[in-house]
Amino acid sequence: MKNRGITLYLHVHQPYRVREYSVFDASIDHNYFNDPDAFSDHNNEKIFRKVADKSYRPMNALLEKLLATHPDFKVSLSITGTFIDQALAWAPDVIDSFKRLVDTGRVEIVAETYYHSLAFFYSRSEFERQVESHRAKIREIFDVETSVFRNTELAYNDELAQWADTYGFKGILAEGWDPVLEWRSPNYVYRPEGTENISLLLKNYKLSDDLAFRFSNRGWEEWPLTVDKYNSWVESSIYDQPLINLFMDYETFGEHQWEDTGIFTFFEDFVARWLDNPKNTFYTVSEAIDTHKPVGTVSMPQTVTWADSERDLTAWLGNSMQHEAMRHLYALEGDILRSGDDELISDWRKLQTSDHAYYMCTKWFTDGDVHAYFSPYDSPYDAFLYYINAIRDVRWRLHETHRIGGLHG
Amino acid sequence: MLGWELPPHNSGGLGVACFHLSKALAMQGTSIDFVVPYAAEHSAIDFMTIHHATNVSPLHKFGMGAYDSKFLSSTIDDKETGELHTIRDIQRRYSKFVETLVQKNDFDAIHAHDWLTIEAGVRAKQLTHKPLIVHVHATEFDRAGGHAGNPLVHEIEYHGLIMADRIIAVSAITKQIIVEKYGIPADKVEVVHNAIDPQSFDVSYEYDDRTYRYLEGLKTEGYTIVSAVTRLTVQKGLVQLIRAFAKAVDKYDRFALLLAGDGEQRDELIRLAAEYGISDKVFFTGFVRGKQWRDAYSVSDVFVLSSISEPFGLTALEAAHHNTALIVTNQSGVGEVLNSIFRYDFWDVDRLADQLVGIATSPALKESLRKNVSHEYARISWNDIARQCASLYSNVKKPAGVMA
């Protein structure tokens, strides 16, 4: 009897990076996201095409192969709206390959905000609109319904779980963070504090991050990671428990860990190796929840994310520039929506993508460890500057075109 | 050690760097004889022996500072002897003095600063066979602000760099110039950044808001004060700074620009500000020292180092010490030791203007830049630099006791 499963969940996302948008562009050129320089690091099309070649195409081909080879192999994906829009524009074959995956019936799509935003923390109504528009997009492209929710950066707290419960989701994903779990294991299904029906799946961060962050790190004492070694870790972690939840960025495969690190062959061999044991299988997130009852209640009153050693929101909302940028952005909500200007509303929402705030993070920057985080900009200050200039232009459009709001400098 | 100036008889950063380096070396046990080309009191210096190569007054009074080779043709009038001197005369007398000095004294290494003292350094090496370390704070390419500069000075620099046993460059930018423009092998050149010694600032200093009272008045009306503390000379990229400032003012008018310093470009800059119609917003102070100098930093919100070619740029660290946000050109070496700053290419006036408007209109951006650079500016200390120099002396040859 197969009673031990890996829940593999991959997050697929690309933001619309803001080009070097200056104060001299504001009020004159309303194009924030299309860098005219084809070679620039802010050229979204260039980046998308590159990552499509390095990650989306080869990984989807591998997933397709694994699904064909192993009847028990399954995977769950969250695919942001901003990713889908970019793929439709620049690599429609990538969308087709995702469709083929979903059509196997063994690939589940996970719900989230269309714009990969932090809206939950700023505006509940805007947040719900983005969840709705994401569900609609998934229905339109893949012809499936979503029933399990994950919030941007896995940012989770009890309030979010209660919202998702009321909303009707049957499951929600979060980080399996030791200080919260204490003696409990992430390898079970739990019930979020204060909820009726919803189940909570917790990321096994040790085993997930072995692949996502450490796989190719030659300074890591376990390098090189072999299939034998990793399989033995997974086996001993799960032991007599039902689940191993491996949650990570999809781009782990081919982009964060390049092909020449051996990540693709490692993964292919590991799936086969895991399924060699007749007790082992894979679950989609819904199956994991349907198969296993919650064993207890977990409470996270404070927001927990899957980022950094702090597992909090400080990479996005940790400094005054980030707070100021988000405050200015969300202050426009009412005026923006009243304008009824679809293009303006879409630009405003693209500015909500959490990556913009992340690029303004200074917490590693001052330590001189400037390479510890990924950003297409020279510095967090540059990121802030271009972003604020774009917000100025949004205000200008509201004011000039719709006679709404003021310019505030 | 062969130098051209020491505080308070300096007209810029070379004297300051020589002072701090010598002091830190002396504290670590190196004995130093320091030669200057003029006669004047250095009552604050008791950690080394200062030798005066001539009896003329401090040269900066005659515009014969270390920063400009145009004065090659100018002359000064020696009050005591009634003789007229060119800079070449002074250099010849400096070399003669050093020749005598090195033959009478024992020492282990010769450390010469910039082209003015290089010839004397080479002579000392020839006479004593001691190792010569040439410390490059600026090349003629930097001083000429992107132009060719003086061929004679190039020649002297080239000869000195060839003869040197080791070369110290104050930044990677400067090293690149030494390697690319002078054809020196890269492994002969070591990058040793300058530092700032926060302790060297008078601790009793308190900002006096009456010094720049008008600017303080503007600040209470929401103005952002942009400043440059600099010689007004082509190397410093001030024409581009004023153009960028005019562009910024066009977007957001609550700006003032404080230009603290003097130089041959002053009149041109005043004219330029008038042409852009921003004369009321640009403040020329003339040469500042002491309290006026420090208050110029303190009154500022943003400090711009706009140089076309700046081997290091100590003023940026001084500004950071006085709690300003920093904008530094990519052509300035000091940018190599700082992260929490804005950078731009000296010609990119749009980018600088954008950064200025961004800072002026966002309190969060301004405060983040100010606060974060304040954790960075003092990371390198003169003690570290002195240790690097001392190890360089001993690796070139035998340890201890530097001359000349």
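The values are calculated or read from the model by the stated rules, or taken from the named source; none is laboratory data. These numbers come from a predicted model, not from an experiment. Neighbour counts run over all protein chains shown; Cβ positions are idealised from the backbone, glycine included.
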Of the listed residues (A:D342, A:D355, A:D347, A:D312), the one being at pLDDT 95 or above, surrounded by fewer than 19 Cβ atoms within 10 Å (Cβ to Cβ) and away from every other protein chain (no Cβ under 11 Å) is A:D342
Of everything in the stretch B:289-308 that's touching a Ser or Thr at 6+ places or on another chain (Cβ under 8 Å) and of a type in the set (S, T, Y), which residue is surrounded by the most Cβ atoms within 10 Å (Cβ to Cβ)?
-> B:S307
Please enumerate the residues belonging to the stretch B:371-386 that are in contact (Cβ under 8 Å) with a residue 60 or more places away in the chain, hydroxyl-bearing (S, T, Y) and either within 10 Å of another protein chain (Cβ to nearest Cβ) or surrounded by 19 or more Cβ atoms within 10 Å (Cβ to Cβ) (or both).
-> B:Y377
Determine which member of the set B:M64, B:M27 is within 22 Å of the chain's Cα centre (by Cα) and either at pLDDT below 95 or surrounded by fewer than 16 Cβ atoms within 10 Å (Cβ to Cβ) (or both).
-> B:M64
Determine whether A:D240 is farther than 25 Å from A:A155 by Cβ, in a loop (DSSP other than H, G, I, E, B) and either assigned by TED's automatic domain parsing to the domain that holds A:K54 or more than 24 Å from the chain's Cα centre (by Cα) (or both).
-> yes
Pair list, Cβ < 9 Å and 6+ apart or interchain, from the stretch A:177-204 residues that are in contact (Cβ under 8 Å) with a residue 24 or more places away in the chain and under 14 Å from A:L246 (Cα atoms) to residues that are assigned to a loop (DSSP other than H, G, I, E, B) and aromatic (F, W, Y) | A:W177/A:W306; A:P186/A:W177; A:N187/A:Y239; A:L202/A:W177; A:L202/A:Y188; A:K203/A:W177; A:K203/A:W306
Does B:T315 fit the bill of being at pLDDT below 95 and outside any helix (DSSP H, G or I)?
-> no
Within the stretch A:309-354, work out how many residues are part of a loop (DSSP other than H, G, I, E, B) and charged (D, E, K, R).
-> 4
Scan of the stretch A:318-330 for residues that are within 14 Å of chain B (Cβ to nearest Cβ) and either surrounded by fewer than 15 Cβ atoms within 10 Å (Cβ to Cβ) or touching a helix residue (DSSP H, G or I) at 6+ places or on another chain (Cβ under 8 Å) (or both), ordered by number = A:N319, A:S320, A:M321, A:Q322, A:H323, A:E324, A:A325, A:M326, A:R327, A:H328, A:L329
Count, please, the residues in the stretch A:5-42 that happen to be within 14 Å of chain B (Cβ to nearest Cβ), β-branched (V, I, T) and either crowded, with 22+ Cβ neighbours inside 10 Å or in contact (Cβ under 8 Å) with a residue 40 or more places away in the chain (or both).
-> 2
With respect to B:E336, determine if the residue is more than 14 Å from chain A (Cβ to nearest Cβ) and either at pLDDT 90 or above or farther than 30 Å from B:L25 by Cα (or both).
-> no
Among (1) at pLDDT 95 or above; (2) facing chain A (nearest Cβ under 10 Å); (3) part of a helix (DSSP H, G or I), where does B:R343 come up short?
-> (3)
Within the stretch B:165-176, the residues that are surrounded by 21 or more Cβ atoms within 10 Å (Cβ to Cβ) and not hydroxyl-bearing (S, T, Y) are B:I167, B:I168, B:A169, B:V170, B:I173, B:K175
Hey, can you tell me all the residues within the stretch A:1-46 that are hydrophobic (A, V, I, L, M, F, W, C) and at pLDDT 95 or above?
-> A:I6, A:L8, A:L10, A:V12, A:V18, A:F33
Which members of the stretch B:358-370 meet the condition of being without any contact (Cβ under 8 Å) to a residue 24 or more places away in the chain and more than 7 Å from chain A (Cβ to nearest Cβ)?
-> B:P363
Residue selected from the stretch B:188-233 under the condition charged (D, E, K, R) and part of a loop (DSSP other than H, G, I, E, B), by the criterion surrounded by the most Cβ atoms within 10 Å (Cβ to Cβ) = B:R231
So A:D240 fits all but one of (1) under 27 Å from A:S123 (Cα atoms); (2) more than 14 Å from chain B (Cβ to nearest Cβ); what number is the exception?
-> (1)
